[in-house]
Amino acid sequence: MNTVVIVGTGNVALQLYTAMSNKEGVKIIQVIGRNKKKLTPFKNCPKTSTDYDNISDANIYIIAVNDDSISTVSQHFKNKSGLVVHTSGSMPLSVLPKSVRRGVFYPLQTISKDRNIDFSEVPICIEAEKSEDYALLRELASTISTQIQIMTSDQRKSVHLAAVFVNNFTNHLYHIGNEICNEAGVPFTILNQLVLETAKKATETPVLNAQTGPAVRNDKLTMKEHLVLLNNKDYRDIYSVLSNSIQKTHEKKL
């Protein structure tokens, strides 16, 4: 039985706590956070605390805090014998002190508190310095997911960058699309099936071949009219940059 302490009260901490709770082979014995009120969702945990100087002994310590705080928070574990891991996609393993057994436990998924996540197919990217620590992380990851990927810090950083493009930037484009629909008095839901089909194609066909739209067709008149419709300069810039990038990528077809 692996004992786990989770440090943090944000989206990742809560989702991992929920996913690991009541799973065979793992027991979360403590959740630590700076804000007592934010520990409320973890009330079923045997122990919660705001005291970083009163950390329970465990096999694994999962630091699920924002990237800028990882280094500072990890200093509290220098005297612990358990494996200390962070959950960041962009931060290297080396952000953790050399004096601790250190590793990474990165769930590759967009995570929000108000969404129930089925981790069974979510890739868990792991990194460690010792074979026995890799084995420990693989054992922990297998309690919630069937997709476990060993990945270096450099690889994970690149994957996180790719994730920003396909998730964070894409979601912002959804926001822009929603604003355009609102201005036209049309519900954004009219685009639901288009959103789903686009995502489906991206997972089932080579994404380069899936590109459609006025830019790849070089429909200059349509693109000019679209730019006229956009009142927001930032949105016009985004439209132009993306259209130019698409055309450069597919210039042999144009």
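No lab work stands behind these numbers, since they all come straight from the coordinates. Please read all numbers here as calculations on a predicted model, not as lab measurements. Cβ: placed from backbone, ideal geometry, glycine included. Neighbour counts: every protein chain shown.
Against the numbered list (1) without any contact (Cβ under 8 Å) to a residue 40 or more places away in the chain; (2) surrounded by fewer than 20 Cβ atoms within 10 Å (Cβ to Cβ); (3) touching a helix residue (DSSP H, G or I) at 6+ places or on another chain (Cβ under 8 Å); (4) closer than 19 Å to ALA128 by Cα, ARG102 comes up short only at (2). On the stretch given as the range 201-232, residues that are among the hydrophobic types (A, V, I, L, M, F, W, C) and outside any helix (DSSP H, G or I) total 4. Taking the conditions exactly as written (touching a residue at least 24 places away in the same chain (Cβ under 8 Å) and in contact with a helix residue (DSSP H, G or I) (Cβ under 6 Å, 6 or more places away or on another chain)), does ILE117 satisfy them or not? Yes, satisfied.
From the list THR212, THR198, pick out the single residue that is among the polar types (S, T, N, Q), out of contact with any Asp or Glu (no Cβ under 7 Å at 6 or more places or on another chain), exposed (fewer than 13 other Cβ atoms within 10 Å of the Cβ) and farther than 30 Å from LEU83 by Cβ.
THR212
Inspect the range 74-86 for any residue being within 11 Å of GLY8 (Cα to Cα), within 25 Å of the chain's Cα centre (by Cα) and surrounded by 22 or more Cβ atoms within 10 Å (Cβ to Cβ) and give the result as yes or no. Yes; the residues of the range 74-86 include at least one that is within 11 Å of GLY8 (Cα to Cα), within 25 Å of the chain's Cα centre (by Cα) and surrounded by 22 or more Cβ atoms within 10 Å (Cβ to Cβ).
So if I check each of SER81, SER69, which one is of a type in the set (Gly, Ala, Ser) and touching an Asp or Glu at 6+ places or on another chain (Cβ under 8 Å)?
Testing whether each residue is of a type in the set (Gly, Ala, Ser) and touching an Asp or Glu at 6+ places or on another chain (Cβ under 8 Å) leaves just SER81.
Residues of the range 137-169 that are of a type in the set (Val, Ile, Thr), in contact with a helix residue (DSSP H, G or I) (Cβ under 9 Å, 6 or more places away or on another chain) and surrounded by 13 or more Cβ atoms within 10 Å (Cβ to Cβ): THR143, ILE144, ILE148, THR152, VAL166. SER94 passes every criterion in (1) more than 18 Å from the chain's Cα centre (by Cα); (2) farther than 20 Å from LEU16 by Cβ; (3) without any contact (Cβ under 8 Å) to a residue 40 or more places away in the chain apart from (3).
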